[in-house]
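The values are calculated or read from the model by the stated rules, or taken from the named source; none is laboratory data. Here the structure is a predicted model, which is why all the values come from computation and not from measurement. Using ideal geometry, Cβ is built from the backbone for each residue, glycine included, and neighbour counts are taken over all protein chains shown. Keep in mind that these areas ignore ligands, DNA and RNA; they rest on the heavy atoms of the full protein, side chains included. Shrake-Rupley method; radii C 1.70, N 1.55, O 1.52, S 1.80 Å.
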Amino acid sequence: MPRQAPAPDEGGTPHPAEDRKHVVRRRWITAITILLLVGVPAGYLAVSAQQSRESGRDKAAKVGATKVRPGWPSKVQRSIYEVPIPPKAWRVGFLETNNWRTSRLYVQFAVTPADLDAFLADVGTSRSELTREVSVGAHDAAIAGWSWGPNNAWYGTTLELPNPRPTRDVTVDLTDPAKPRVYVVSTATP
């Protein structure tokens with residue numbers, strides 16, 4: 001049978017006392033170990049939670065948008081809705097709305113006259129096919145936050161394509177012919 005170590009008060013040899021240097025070193029190692037085992041994962045969780053919150057706010061802002069906001073629609077959106085915004089366009093803004101019946105992409109941008117002609121050719125029309133009218137309906141204009149000033153030179157056309165391709169209402173403000181502004185509502189029905 002194995003023999004048990006004697007109790008210190010029974011005359012056995014007591015363990016030597018740890019000197020102060022070793023006590024301090026052991027406590028530092030314990031503190032660092034606890035910090036690494038608890039602090040690092042806790043810090044990671046805090047950073048991850050913050051990023052998740054920010055991502056949620058960004059998504060909520062996009063989903064909750066009620067007017068056209070500055071920025072470019074994604075390449076996928078431009079492709080699905082067939083709105084080829086010229087690369088050098090400025091004052092670009094967009095809004096996408098979806099429901100179970102239709103999806104719409106509202107886009108606005110300013111271009112040079114040459115880029116306007118290139119855009120119109122890309123969507124299958126030209127300046128000569130534009131008529132002196134606003135082709136975007138009042139309901140869509142209200143959703144996008146657009147208003148049509150009576151003193152502006154508005155020209156428009158509606159480009160209807162067979163399903164599943166989108167129908168596009170294109171309105172161009174040629175009040176300043178050197179800086180045309182383009183407004184497009186592209187409607188897709190699944």
Checklist entry - Tell me, what is a quarter of the convex hull surface for the C-alpha atoms of the chain, in nm² with one decimal? => result 24.0
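Assuming 0.36 nm per residue, please report the length gained on full extension of the stretch Arg27 to Trp90 beyond their Cα-Cα distance. List each step's numbers first, then the result.
Values: separation 63, 0.36 × 63 = 22.68 nm, distance 6.22 nm.
Extra length from Arg27 to Trp90 when fully extended: 16.5 nm.
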Checklist entry - Using mean Cβ contacts within 10 Å as the protection proxy, how do 173-182, 37-46 order, highest first? => result 173-182, 37-46
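For segment 78-138, just run the numbers: alpha carbon Rg, then divide by 2.2 N^0.38 Å, N being how many residues it has. Working shown, then result.
On the way: Rg = 12.8 Å, N = 61, 2.2 N^0.38 = 10.5 Å.
Dividing the Cα radius of gyration by 2.2 N^0.38 Å gives 1.22.
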Checklist entry - Any idea of the accessible area per residue across the chain, 1.4 Å probe, to the nearest Å²? => result 68
Next on the checklist: Please list, by residue number, everything in segment 158-190 whose backbone N is under 17 Å from a paramagnetic label point 7 Å out along Cα→Cβ of Ala121.
Outcome noted: none
Next on the checklist: Using only Cα atoms and rounding to the nearest 10 degrees, what angle (0 to 90) does helix 113-123 make with the longest principal axis of the chain?
Outcome noted: 80
Checklist entry - Lysine pairs in the chain 8 or more apart or on different chains: how many have alpha carbons under 29 angstrom apart? => result 12
Checklist entry - Counting only protein heavy atoms and using a 1.4 Å probe, what share of the accessible area of segment 147-190 belongs to carbon plus sulfur, as a whole percent? => result 53
